[in-house]
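Let me begin by presenting the structure, written as structure tokens, before commenting on it.
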Amino acid sequence: MPNYIRNYQAGASYFFTINISDRQSQLLTTYIDELRLAYQKTQQKMPFTTDAIIILPDHIHALWTLPENDNDYPTRIRLLKSYFSRQLPAHVKRTNNQSRQGKSETGVWQRRYWEHTLQNEIDYNRHMDYIHYNAVKHGYAKNPIDWEHSTFMREVDNGRYDLNWAGIDYEDIHFGER
């Protein structure tokens, strides 16, 4: 098994991908209220700034900035997973995996997650765009504005994007014959 080396920088901005075990499931959007509560509890216990987030049925992409002098994102991710899993009905979190049972794991989440420390403003902007385009990429929406489980509208309100960003610009499309 490979040894994963995580990068820890206090006060840094990080991009994360966190997946549930069953990638065919719609668990995260089905139990969106429970996920929101788990997220709030995590932020209350260990504050961080959510620069961007998208919640898809089977995974989350998030861009977080940690407080100055704090680099403990693994605990935050563990808390989020744990708070969410505890709220689910027993039949949802049941696992037949003996390894997971032996470690008191529910089997809801993949054990690992993807982390990337953002290097500069270009890197930050690319990941911000990636997050907000992800529902379109996976076919859940035609335009970023159509997916309600993201920070896209917040960023529209902040002036970062316009409503048609990465969507169809109807003024440039001609229907029928001329």
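The values are calculated or read from the model by the stated rules, or taken from the named source; none is laboratory data. Just so it is clear, the structure is predicted and the values come from calculations on it, not from any experiment. Cβ coordinates were reconstructed from backbone atoms using ideal geometry, including for glycine residues, and neighbour counts include every protein chain displayed. Please note that ligands, DNA and RNA were not included when accessible areas were found on the heavy atoms of the full protein model with its side chains. Shrake-Rupley method; radii C 1.70, N 1.55, O 1.52, S 1.80 Å.
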query: Which ones in segment 1-58 are over 12 Å from LEU80 (Cβ atoms) and acidic (Asp, Glu)?
result: ASP22, ASP33, ASP51, ASP58
- prompt: Which one of these does PRO74 not meet: (1) loosely packed, with under 13 Cβ neighbours inside 10 Å; (2) at pLDDT 95 or above; (3) farther than 28 Å from ILE122 by Cα; (4) not small (Gly, Ala, Ser)?
  reply: (3)
- prompt: Can you pull out the residues in segment 122-152 that are of a type in the set (D, E, K, R), without any contact (Cβ under 8 Å) to a residue 12 or more places away in the chain and assigned to a loop (DSSP other than H, G, I, E, B)?
  reply: GLU148
statement: Requiring at least 2 residues that are touching a helix residue (DSSP H, G or I) at 6+ places or on another chain (Cβ under 7 Å) and farther than 22 Å from GLY139 by Cα, the strands (runs of 3 or more DSSP E) wholly within segment 1-82 are 13-19
message: Just to be sure before I move on: is LEU80 touching an Asp or Glu at 6+ places or on another chain (Cβ under 8 Å) and either crowded, with 17+ Cβ neighbours inside 10 Å or over 24 Å from HIS132 (Cα atoms) (or both) in the structure I sent?
response: no
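So that you can scan it fast, the table gives a plain yes or no per residue for (1) modelled with pLDDT under 95; (2) open to solvent by 50 Å² or more (accessible area, probe 1.4 Å):
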position: ALA90; (1), (2): yes, yes
position: ARG100; (1), (2): yes, no
position: GLY107; (1), (2): yes, no
position: ASP123; (1), (2): no, no
position: THR151; (1), (2): no, no
query: Which residues, taken from segment 5-18, are more than 17 Å from SER150 (Cβ to Cβ) and not hydrophobic (A, V, I, L, M, F, W, C)?
result: ARG6, ASN7, TYR8, GLN9, GLY11, SER13, TYR14
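Among the residues of segment 83-95, which ones are polar (S, T, N, Q) and in a loop (DSSP other than H, G, I, E, B)? Full working, then the answer.
As a first pass, look at segment 83-95 and keep what is polar (S, T, N, Q): 85, 87, 95.
The one that is polar (S, T, N, Q) and in a loop (DSSP other than H, G, I, E, B): THR95.
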field: Candidate set: segment 1-24, residues that are within 27 Å of HIS91 (Cβ to Cβ) and open to solvent by 80 Å² or more (accessible area, probe 1.4 Å); chosen: the one modelled with the lowest pLDDT
entry: ARG23
